[in-house]
Amino acid sequence: QVQLVESGGGLVQPGGSLRLSCAASGIIFSRYVMGWYRQAPGKQRDLVARINSSSSSRYYVDSVKGRFTISRDNAKNTVYLQMDNLKPEDTAVYYCNAARIGVSDSWGQGTQVTVSS
């Protein structure tokens with residue numbers, strides 16, 4: 001079965017850094033667009049960053065540009081989100097997503113990121 005497992009979340013002070021990881025199984029990882037979404041309590045789940053299969057194209061929501069970096073290692077079936085200069089507004093549950101045309105999206109369980117002093 002498809003499985004996406006996130007790790008790397010935690011509590012960090014404003015200005016700090018975290019690196020999230022998402023390990024995928026049950027899919028041909030290199031064929032999928034991978035993304036990171038986040039959701040704060042009572043709010044919509046929103047796309048934060050996305051990367052295509054070859055890493056030749058990346059997307060970031062404006063609020064994280066210059067601070068977050070998405071990357072992937074197809075040999076390890078893993079996608080990463082490096083988060084630098086974190087702000088309290090980044091506090092949310094972060095979810096890994098795998099997408100391919102004609103196939104239903106897959107989601108991880110989520111990992112909590114809390115930015116607070």
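The values are calculated or read from the model by the stated rules, or taken from the named source; none is laboratory data. The model shown is predicted, which means the values in this text are computed figures rather than measured ones. Heads up, the Cβs are rebuilt from the backbone with ideal geometry, glycines too, and the neighbour counts pull from every protein chain shown. For accessibility, only protein heavy atoms count, side chains too; no ligands or nucleic acids. Shrake-Rupley method; radii C 1.70, N 1.55, O 1.52, S 1.80 Å.
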Heavy atoms of residue 115: accessible area, 1.4 Å probe, square angstrom to 10: 10
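When the convex hull of the C-alpha atoms of segment 1-57 is computed, what volume per residue in Å³ does it have?
Working: hull volume 6.9 nm³, N = 57.
In segment 1-57, the Cα hull volume divided by residue count equals 122 Å³.
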Heavy atoms of residue 21: accessible area, 1.4 Å probe, square angstrom to 10: 20
Share of Cα-Cα pairs in segment 39-117 lying beyond 16 Å, as whole percent: 56
Simple label model, 7 Å out from Cα along Cβ direction - residue 103 to residue 87, nm: 3.5
Linear extension gain, residue 71 paired with residue 56, 0.36 nm per residue minus alpha-carbon span: 4.4 nm
Within the chain, percent of DSSP bridges classed antiparallel, to nearest 5: 95
